[in-house]
Amino acid sequence: MQQFLNPEILTSAILIIGAVTAFLYGRGLAVSRAQLPADGARAHSIPSYHGYFSAWIVAFIAVGVIALWTTFSGALPEFMFPAMMLGAMALGFIIINRLLTPTFRARNHVERFVGGVLMICSGVAVLTTFGIVLSLVFESLRFFDQVPILDFLTGLNWSPQTALREDQIGQSGSFGAVPIFAGTFMITAVAIFIAGPIGLLIAVYLSEYATKRTRATVKPMVEILAGIPTIVYGFFALLTVGPAIRNFAEGFGLSVPTQSAIAAGSVMGVMIIPFISSLSDDVINAVPQTLRDGSLALGATKSETMTKVIFPAALPGIIGAFLLAVSRAIGETMIVVMAAGRAANLTGNPFEAVTTVTVQIVSLLTGDQEFDSAKTLAAFALGLVLFVFTLVLNIIALLIVRKYRERYE
Amino acid sequence: MSAEANTSIHQTDQALGRLAKRKAKENRFRYAGIAAVVIAMAMLGWLVVSLVGTGYTAFFQHYLTITVTLSESDLDPHGARDADQLRTANYRKVIQQALYSRFPDVTDRRGKRALFQIVSASGATNQVRQMVYQDPDLVGREITITVPTSDDVDQLLKGYIDRNAPAELRKVSDRQIEWVDQVVAGGELTREFNWRFFTAADSRDPELAGIAGAVVGSLMALSVAFMLSVPVGVGAAVYLEEFAPHNRLTDFIEININNLAAVPSIVFGLLGLAVFLNFFGLPRSAPLVGGMVLGLMTLPTIIIATRSALRAVSPSIIDGALSLGASHTQAVFHHKVPLAASGILTGSIIGMAQALGETAPLLMIGMVAFVTEIPASIMEPASALPVQIFLWSDSAERAWAERASAAIIVLLLVLITLNAVAIFLRSRLERRW
């Protein structure tokens, strides 16, 4: 029972009860007053709108009191709060009583209010973007106070362990992010190298060769690959694919670590196959049938039509699809955290362990953190790079796709 | 004439050769397409088979039946049956005594220690403690109980530890294998369904760990995400689709939402860390914050799904409502939105499925804590199902990989169910105009 009596719950209960009472009161008022043969005027709004309006007024006043109380908390003794709440609500009821005449345009007020609420809802999406940009930029600026931005973007040495005490040796921390960018690039390249041809061929097969029934079963099956959580892919890469590649390479006398760019990249490639195949499929289908018919009528085979006519026509859209897939691969986290490795390693060999931007963000921010150290702030700088890069890729991809669509419309 | 045409340039050996080549090329192209589909399906199959193969054994667990003597002198020397005394008594000794009396020939200290390692130490002691605490009358009696075996013995019996491997590379010694074989022969060792996996929270011992804590954490975070993203997302979609004037501002909002859909999930985690934790000072590791982050992340999905559902409703519905005297708001809320409800529901379910599988943003806001209790409120530290998988997969022991695979099986089953419900709703409720 005790927990139901805490102030927040009591306050919300008063608020809700007040609003519901106001709704019933306003609606009743509208009904009873409309029945009075006043000056023959017809009621403007149906009674429930009067009710909604009343509930809104009372709730608004009550929320105002709560807001004032919390801003000036402590100025008045505790017991005043319920009194003020009830007083304010009573005031609301008096206002309602005054306002609600049959000619009162309750519906218009309520609808304007609803419109405002809906606008605020779409504002949340904008606020989220602002929140992301502001928090990334703000924390990154603090990071660049400590580490020059040029060192960050062009330095070749990444070892973010900063000294906890002054007298520790070799723990100064260096924040050259090039090895991380190189690792990200390599894993993305492996992923696209795998997903690109497979995804494209699936799209071609489904749009040009497959029967309707095959298409109806294969397409959702391929799309399952996009619905599997990335943690599952990561676990698969760590437990199955990494060791498989290691054993395979051992057969040739090579030693490949379980965590390698090739293991993480190939599993990520499997994950992004559906992105490439679905988007390319849409693009290929959007090529006008007349182009296809013209080519086939001239005696070209389906494959010749595909490679010489449809593919060039669909190329911009396919490039767009690839760019979206690249942006997805760069931002992917769990597969690389589990299967790529943690240590920064500047190498061109995909059979070595490398690290990526997302892996570094995770390893910098999990575990103990004090929020002023360059180590944790570096994660935000990396996040900013990631955000800007994926944003630019997406904008370019969307522009290409849109421009391409306009050409055939 | 016709004979001449038949032996025209199309019938020469060169031409026929070219034709054959083109046909072969056509076939190669076609088979390449089929091969690509087969490769993708094979990867999916490999993934499922490898996960189910490592994971299904975690749904079973081996239990040892032992007879323990709850002697009064050990547990309650003063005979007061005092609750504190019963809780803090040395139950470890009780279990040890039971094992020593089962194997009376083990007398050396190292042997005794190894013997105790075949059962789950904390599992067995806690079980007896619970029983005695709930029923103090048991003290002074001899009871037969089944306790979980240790994870090493469990793995041995599941066939994951090679008996023929050199003893120093094995986690169970030759003597332990001998004892286990004895109890197996005596019928004291049983294999039962692992209920604990579904009812317990995380633990340091794999044989005692379960997913209940993580599932509850996930459910709490998802509820928060649902309450945030569905009303706000539907509201935003209705506004943009039905009320927004076409101007620069709404164009900007629209571009914004499309870009938000493509922002990497980990960036939402950074947002949560910087804004919810550091700026607003909300508690770390709490499902409330996790849910808010996941809610913001699924917001674009729900907005886009709702907008296409609204667009699919025939304009004649709005026209009909308006012509009967409804206001625009009434036409939208009384007629259009209810007709789009199935599409909105499908989009929300898919968005929630996406949020359920998401891990990276939860790592950022600290939902990686080791939590051994099922969380009771959205402000308490909690884990989530995908994060639990991540934590278990980090541990080296074979038993943890088995647990992680089993948790993945559960996660995938839930996701399949959610998506099946979404597909069912779509096919059942969808209207064509």
Exercise for the section: Report whether or not residue B:203 is within 30 Å of residue B:289 (Cα to Cα) and at pLDDT below 85. Expected result: yes
Practice task
Go through the stretch A:316-369 and give me each residue that's within 11 Å of chain B (Cβ to nearest Cβ) and closer than 17 Å to residue A:276 by Cβ.
Solution key: A:323, A:324, A:327, A:328, A:329, A:330, A:331, A:332, A:335
Problem - Options B:109, B:28, B:22, B:18; residue that is without any contact (Cβ under 8 Å) to a residue 24 or more places away in the chain and under 30 Å from residue A:241 (Cβ atoms) - result: B:28
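Here's the yes/no breakdown for (1) exposed (fewer than 14 other Cβ atoms within 10 Å of the Cβ); (2) more than 33 Å from the chain's Cα centre (by Cα); (3) modelled with pLDDT under 80; (4) over 30 Å from residue A:8 (Cα atoms):
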residue	(1), (2), (3), (4)
A:94	yes, yes, no, no
A:109	no, yes, no, no
A:114	no, no, no, no
A:142	no, no, no, yes
A:152	no, no, no, yes
Practice task
State whether one or more residues within the stretch A:245-256 are polar (S, T, N, Q), without any contact (Cβ under 8 Å) to a residue 12 or more places away in the chain, over 18 Å from residue B:49 (Cβ atoms) and out of contact with any Leu (no Cβ under 8 Å at 6 or more places or on another chain).
Solution key: yes
Handout entry: Every residue from the stretch B:413-422 that is within 11 Å of chain A (Cβ to nearest Cβ) and in contact (Cβ under 8 Å) with a residue 12 or more places away in the chain
Key = B:414, B:415, B:418, B:419, B:422
Practice task
Just give me the residues in the stretch B:249-285 being in contact with a Phe, Trp or Tyr (Cβ under 8 Å, 6 or more places away or on another chain), under 25 Å from residue B:375 (Cβ atoms) and either in a helix (DSSP H, G or I) or facing chain A (nearest Cβ under 7 Å) (or both), in sequence order.
Solution key: B:270, B:274, B:278
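Okay, residues lined up against (1) at pLDDT below 85; (2) under 23 Å from residue B:196 (Cβ atoms):
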{"residue": "B:325", "(1), (2)": "no, no"}
{"residue": "B:328", "(1), (2)": "no, no"}
{"residue": "B:337", "(1), (2)": "no, no"}
{"residue": "B:341", "(1), (2)": "no, no"}
{"residue": "B:353", "(1), (2)": "no, no"}
{"residue": "B:376", "(1), (2)": "yes, yes"}
{"residue": "B:379", "(1), (2)": "yes, no"}
{"residue": "B:427", "(1), (2)": "yes, no"}
Handout entry: Output for the stretch A:108-140, where each listed residue is in contact with a helix residue (DSSP H, G or I) (Cβ under 7 Å, 6 or more places away or on another chain), at the interface with chain B (Cβ under 9 Å from one of its Cβ atoms) and within 12 Å of residue B:329 (Cβ to Cβ)
Key = A:110, A:111, A:114, A:115, A:117, A:118
Handout entry: Test for residue A:234: is it touching a Pro at 6+ places or on another chain (Cβ under 8 Å) and modelled with pLDDT of 90 or more
Key = no
Practice task
Go through the residues of the stretch A:225-239 one by one and say whether even a single one is within 30 Å of residue A:286 (Cα to Cα), part of a helix (DSSP H, G or I), of a type in the set (A, V, I, L, M, F, W, C) and in the same structural domain as residue A:348 (by TED's automatic domain parsing).
Solution key: yes
Problem - Criterion violated by residue B:401 - all others in (1) without any contact (Cβ under 8 Å) to a residue 12 or more places away in the chain; (2) part of a helix (DSSP H, G or I); (3) within 12 Å of chain A (Cβ to nearest Cβ) satisfied - result: (1)
Exercise for the section: Quick one: in the stretch A:96-107, of everything that is part of a helix (DSSP H, G or I) and more than 8 Å from chain B (Cβ to nearest Cβ), which residue is nearest to the chain's Cα centre (by Cα)? Expected result: A:106
Completion exercise
Of the residues in the stretch A:220-244, those that are more than 9 Å from every other protein chain (Cβ to nearest Cβ) and touching a residue at least 60 places away in the same chain (Cβ under 8 Å) come to A:237, A:242
Practice task
Could you please give the count of residues in the stretch A:181-200 that are facing chain B (nearest Cβ under 10 Å) and either of a type outside the set (A, V, I, L, M) or surrounded by fewer than 19 Cβ atoms within 10 Å (Cβ to Cβ) (or both)?
Solution key: 2
Handout entry: Looking only at the stretch A:302-315, and only at residues there that are away from every other protein chain (no Cβ under 11 Å) and under 36 Å from the mean Cα position of the chain (by Cα), the one that is farthest from residue A:291 (Cα to Cα)
Key = A:315
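Of these, A:203, A:216, which one is more than 7 Å from chain B (Cβ to nearest Cβ), more than 13 Å from residue B:34 (Cα to Cα) and either surrounded by fewer than 22 Cβ atoms within 10 Å (Cβ to Cβ) or at pLDDT 90 or above (or both)?
Of A:203, A:216, the one residue that is more than 7 Å from chain B (Cβ to nearest Cβ), more than 13 Å from residue B:34 (Cα to Cα) and either surrounded by fewer than 22 Cβ atoms within 10 Å (Cβ to Cβ) or at pLDDT 90 or above (or both) is A:216.
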Problem - Cross-chain or 6+ apart pairs with Cβ under 6 Å, the stretch A:80-97 first and over 18 Å from residue A:26 (Cβ atoms), then of a type in the set (D, E, K, R) - result: none
Practice task
Scan (1) surrounded by 19 or more Cβ atoms within 10 Å (Cβ to Cβ); (2) more than 8 Å from every other protein chain (Cβ to nearest Cβ) for the single condition residue B:246 breaks and write down its number.
Solution key: (1)
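Could you tell me how many of the residues in the stretch B:310-344 are part of a loop (DSSP other than H, G, I, E, B) and either more than 14 Å from every other protein chain (Cβ to nearest Cβ) or among the hydrophobic types (A, V, I, L, M, F, W, C) (or both)?
4
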Completion exercise
Only unsatisfied item for residue B:387, checking (1) more than 10 Å from chain A (Cβ to nearest Cβ); (2) within 18 Å of residue B:286 (Cβ to Cβ), is (1)
Problem - Selection from the stretch B:251-290 of residues that are touching a residue at least 60 places away in the same chain (Cβ under 8 Å), more than 28 Å from residue B:240 (Cβ to Cβ) and more than 23 Å from the chain's Cα centre (by Cα) - result: B:273, B:277, B:283
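In the stretch A:1-51, how many residues are charged (D, E, K, R), assigned to a helix (DSSP H, G or I) and at pLDDT below 75? Let's see the steps before the verdict.
Taking the stretch A:1-51 first, the residues charged (D, E, K, R) are A:8, A:27, A:33, A:39, A:42.
Subset that is assigned to a helix (DSSP H, G or I): A:8, A:27, A:33.
Adding the requirement that they be at pLDDT below 75 leaves A:8.
Number of matching residues: 1.
The values are calculated or read from the model by the stated rules, or taken from the named source; none is laboratory data. Just so we're clear, the structure is a prediction, and the values are computed from it rather than from any experiment. Counting neighbours? That spans all protein chains shown, and the Cβs are built from the backbone with ideal geometry, glycine included.
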